[in-house]
1. Collect the residues in the range 40-83 that are farther than 18 Å from Glu21 by Cβ and of a type in the set (D, E, K, R), keeping them in residue-number order.
2. If the requirement is being modelled with pLDDT of 95 or more, touching a helix residue (DSSP H, G or I) at 6+ places or on another chain (Cβ under 7 Å) and within 30 Å of Ile40 (Cβ to Cβ), which of these qualifies: Ile51, Ile65?
3. Kindly establish whether Ala97 is surrounded by fewer than 23 Cβ atoms within 10 Å (Cβ to Cβ), part of a helix (DSSP H, G or I) and within 10 Å of the chain's Cα centre (by Cα).
4. For the range 138-166, what are the residues that are of a type in the set (Phe, Trp, Tyr) and at pLDDT 95 or above?
5. Please list, ordered by residue number, the helices (runs of 4 or more DSSP H) wholly in the range 11-94 having 2 or more residues that are in contact with a strand residue (DSSP E or B) (Cβ under 9 Å, 6 or more places away or on another chain), outside the structural domain of His111 (by TED's automatic domain parsing) and among the aliphatic types (A, V, I, L, M).
6. Exactly one of these conditions fails for Asn147: (1) under 18 Å from Leu53 (Cβ atoms); (2) over 18 Å from the mean Cα position of the chain (by Cα). Give me its number.
7. Find all pairs meeting these conditions: Cβ atoms under 6 angstrom apart; at least six residues apart or on different chains; first residue within the range 32-60 and closer than 21 Å to Ala97 by Cβ; second residue assigned to a helix (DSSP H, G or I) and aromatic (Phe, Trp, Tyr).
Amino acid sequence: MGIQLKPLSWEAIPAALSRAERYRLLGEPLQAESICRDIIAVDAANQQALITLLLALTDQFGEGISMQETAQALEALSGAYERVYYNAIVHERRALALFRRGDFRSGAAVHSLMQEAMALYEQAEALRPPGNDDAVLRWNACARFLNRTPYLAPDRRAAEPALSSE
């Protein structure tokens, strides 16, 4: 059954959003996630809460949060640019979380996730509002990361044809 949660009042949403962002910046993504879920329970379409929730979840990739847990927040974003841009961030941050784990076997996955992030940033670049180069800046950061870590090569076995048993 679980413990019943207490609802947030509508009037408290602006202060709660500010608090969620502050907790993220303080390195407390679990607290930020909880606050955002309280806001979304009252205002399911609150874009700022959805974005902050998404970022708080990606902050926890190293602690067992999966990419699937970000899907619901991504789907709820109202703009095409936002859905593509934040999907790219999910891929980039998952790649970096894997990289930070230091598992030598994850190199191909890190490379693949980073390449997918870059492809999504290119899509976002085409959809961006005038004067918004965020996707360009993030694409460049991904490119610099891959240039700095050339040993994170793609999985060559996936690109090679299977040997015939004939």
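The values are calculated or read from the model by the stated rules, or taken from the named source; none is laboratory data. From a predicted model like this one, the values you see are computed outputs, not experimental measurements. Backbone-built Cβ (ideal geometry, glycine too); neighbour counts: all protein chains shown.
1. Correct list: Glu63, Glu69, Glu75, Arg83.
2. Testing whether each residue is modelled with pLDDT of 95 or more, touching a helix residue (DSSP H, G or I) at 6+ places or on another chain (Cβ under 7 Å) and within 30 Å of Ile40 (Cβ to Cβ) leaves just Ile51.
3. no
4. From the range 138-166, those of a type in the set (Phe, Trp, Tyr) are 139, 145, 151; that's our starting set.
Result: Trp139, Phe145.
5. Of the helices (runs of 4 or more DSSP H) lying wholly inside the range 11-94, none has at least 2 residues that are in contact with a strand residue (DSSP E or B) (Cβ under 9 Å, 6 or more places away or on another chain), outside the structural domain of His111 (by TED's automatic domain parsing) and among the aliphatic types (A, V, I, L, M).
6. Every condition holds for Asn147 apart from (1).
7. So the pair list comes out as Ala32/Tyr23; Leu54/Tyr86.
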